[in-house]
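Scroll down for the structure; my scribbles are underneath it.
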Amino acid sequence: MTRLLKVFSRLPLPVLHGLGVVLGWLIFLGAPRRRAKLVDNLRKSGLADTPRALRRLLVATIAESGKGIMELAAIWMRPLDDVVRLVRETRGWEHIEAAQRAGRGILLIGPHIGCFELISLYYAARAPFTAMFKPPKDAALAAAMLAGRQRGQARLVPTDLSGVRALLAALRRHEAVGVLPDNVASAGEGAWALFFGRPAYTPTLVASLQRKTGAAAFFVAAERLSWGRGYRLHVFPLDGELPADRAAAARAINRGVEDVVRRFPAQYMWGYNMHKKPGGAPPVPETLARAA
């Protein structure tokens, strides 16, 4: 796995993205379950108001999904300085810098949009950054992910109580932590809220971290530029604090994610089953079931 990634990492980013388009279509055509979930999520998102618009969005999404896989070779395997130079522009980064000067912890909320793997490395090249890491079952892939992500001043912690404590400690040291807001939460760690009009068991960790530390929170996205030109980082400050009520916090988080997704709809990971019910989770509230 590592050797293969190293070989691909030597290819120019435009070539990797070109190969990614081919890979995206191969996966789409060869994986019926994934294809069905992708099409269903896009169709029910409400982002395409005509069949023609849905087809255009689907075609673009297939290409972007493949690019997201192939670019990992460059993001994980190239020297950190080379990876950081792939960021051609930042928009809104001054808000993060202002929070740093004010001595606040930084909460980066990064949905699965574009090259989300790049966000932590860009930050960790400048300042301490902590995030949770749950290794995949494949040992070779887990080793490649760990080596690729834990560079610069990045620190990865387990997805358990010790990891949560590490995130809290980092924020209290006025450092930055990263949280994925659009995974399906484990039982007891989330709340049901609508996500693109359908119930999703949404993680509320980010609300808890902010409430306990007073950290400044930002939605962040790494937009993938066309023709392999690199990436543009976008920072969207969260207005105020997330509510203490878990359901209200979940609604606010999902609205924020939706706002970012609408800016880059083809670059979102639509193949992920955000709407599944995890084992042990409470049933979907009737009010949400009726609204869906």
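When residue 101 is tested against (1) free of Cβ contacts under 8 Å to residues at least 24 places away in the same chain; (2) among the basic types (Lys, Arg); (3) in contact with a Leu (Cβ under 9 Å, 6 or more places away or on another chain), just one condition goes unmet, and that condition is (3).
Within the stretch 229-244, the set of residues being modelled with pLDDT of 95 or more and over 20 Å from the mean Cα position of the chain (by Cα) comprises just one member, 229. Evaluating residue 47 against the criteria (1) closer than 24 Å to residue 219 by Cα; (2) touching a Leu at 6+ places or on another chain (Cβ under 8 Å); (3) assigned to a helix (DSSP H, G or I) leaves one unmet condition, (3).
Looking at the stretch 64-87, can you tell me whether even one residue there is within 18 Å of residue 227 (Cα to Cα), modelled with pLDDT of 95 or more and hydroxyl-bearing (Ser, Thr, Tyr)? Looking through the stretch 64-87, at least one residue is within 18 Å of residue 227 (Cα to Cα), modelled with pLDDT of 95 or more and hydroxyl-bearing (Ser, Thr, Tyr).
What residue, among those in the stretch 248-263 that are surrounded by fewer than 16 Cβ atoms within 10 Å (Cβ to Cβ) and touching a residue at least 24 places away in the same chain (Cβ under 8 Å), is farthest from residue 198 (Cα to Cα)?
To start, the set of residues in the stretch 248-263 that are surrounded by fewer than 16 Cβ atoms within 10 Å (Cβ to Cβ) comprises 248, 255, 259, 262-263.
Still in the list and also touching a residue at least 24 places away in the same chain (Cβ under 8 Å): 259, 262-263.
On the way: 259: 16, 262: 16, 263: 20 Å.
Per the criteria, the residue is 263.
Among the residues of the stretch 204-223, those identified as buried (at least 23 other Cβ atoms within 10 Å of the Cβ), under 17 Å from residue 167 (Cβ atoms) and under 14 Å from the mean Cα position of the chain (by Cα) are 206, 220.
Okay, residues lined up against (1) touching an Asp or Glu at 6+ places or on another chain (Cβ under 7 Å); (2) within 26 Å of residue 86 (Cβ to Cβ); (3) buried (at least 16 other Cβ atoms within 10 Å of the Cβ); (4) of a type in the set (Lys, Arg):
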| site | (1), (2), (3), (4) |
| --- | --- |
| 5 | no, yes, yes, no |
| 10 | no, yes, no, yes |
| 15 | no, yes, no, no |
| 23 | no, yes, yes, no |
| 38 | no, no, yes, no |
| 43 | no, no, no, yes |
| 56 | no, no, no, yes |
| 65 | no, yes, yes, no |
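Taken over the stretch 224-239, residues that are surrounded by 21 or more Cβ atoms within 10 Å (Cβ to Cβ) and in contact with a His (Cβ under 6 Å, 6 or more places away or on another chain) amount to 0. With respect to (1) at pLDDT 95 or above; (2) exposed (fewer than 14 other Cβ atoms within 10 Å of the Cβ), the lone exception for residue 166 is condition (2).
Would you confirm, using the coordinates I've provided, whether residue 290 is at pLDDT below 95, among the charged types (D, E, K, R) and out of contact with any strand residue (DSSP E or B) (no Cβ under 7 Å at 6 or more places or on another chain)? So residue 290 passes the test. Considered as a group, the residues in the stretch 104-140 that are small (Gly, Ala, Ser) and crowded, with 16+ Cβ neighbours inside 10 Å include one that is nearest to residue 202 (Cα to Cα), and that residue is 110. For the stretch 129-154, the candidate set comprises residues that are within 17 Å of the chain's Cα centre (by Cα) and of a type in the set (Lys, Arg); within that set, the residue that is farthest from residue 5 (Cα to Cα) is 134.
Going by the conditions given, is residue 266 in a helix (DSSP H, G or I), in contact with a Pro (Cβ under 8 Å, 6 or more places away or on another chain) and touching a residue at least 40 places away in the same chain (Cβ under 8 Å)? So residue 266 fails the test.
Please pick out the residue among 62, 69, 75 that is part of a helix (DSSP H, G or I), within 20 Å of the chain's Cα centre (by Cα) and closer than 20 Å to residue 196 by Cβ. Even if it seems obvious, please write down each step before you answer.
Details: 69 fails: closer than 20 Å to residue 196 by Cβ; 75 fails: closer than 20 Å to residue 196 by Cβ.
So the residue among 62, 69, 75 that is part of a helix (DSSP H, G or I), within 20 Å of the chain's Cα centre (by Cα) and closer than 20 Å to residue 196 by Cβ is 62.
Within the option set 29, 23, 5, 42, being at pLDDT 95 or above and farther than 20 Å from residue 265 by Cα holds for one residue only, 29. In the stretch 80-132, the qualifying residues are those that are among the acidic types (Asp, Glu) and in a helix (DSSP H, G or I), and the one that is farthest from residue 169 (Cα to Cα) is 82. Are any of the residues in the stretch 214-229 on the phi > 0 side of the Ramachandran plot, touching a helix residue (DSSP H, G or I) at 6+ places or on another chain (Cβ under 7 Å) and small (Gly, Ala, Ser)? Yes, because at least one residue in the stretch 214-229 is on the phi > 0 side of the Ramachandran plot, touching a helix residue (DSSP H, G or I) at 6+ places or on another chain (Cβ under 7 Å) and small (Gly, Ala, Ser).
The values are calculated or read from the model by the stated rules, or taken from the named source; none is laboratory data. Only a predicted model underlies this, so the values are computations on that prediction, with no experimental measurement involved. Cβ atoms come from the backbone with ideal geometry, glycine included; neighbour counts cover every protein chain shown.
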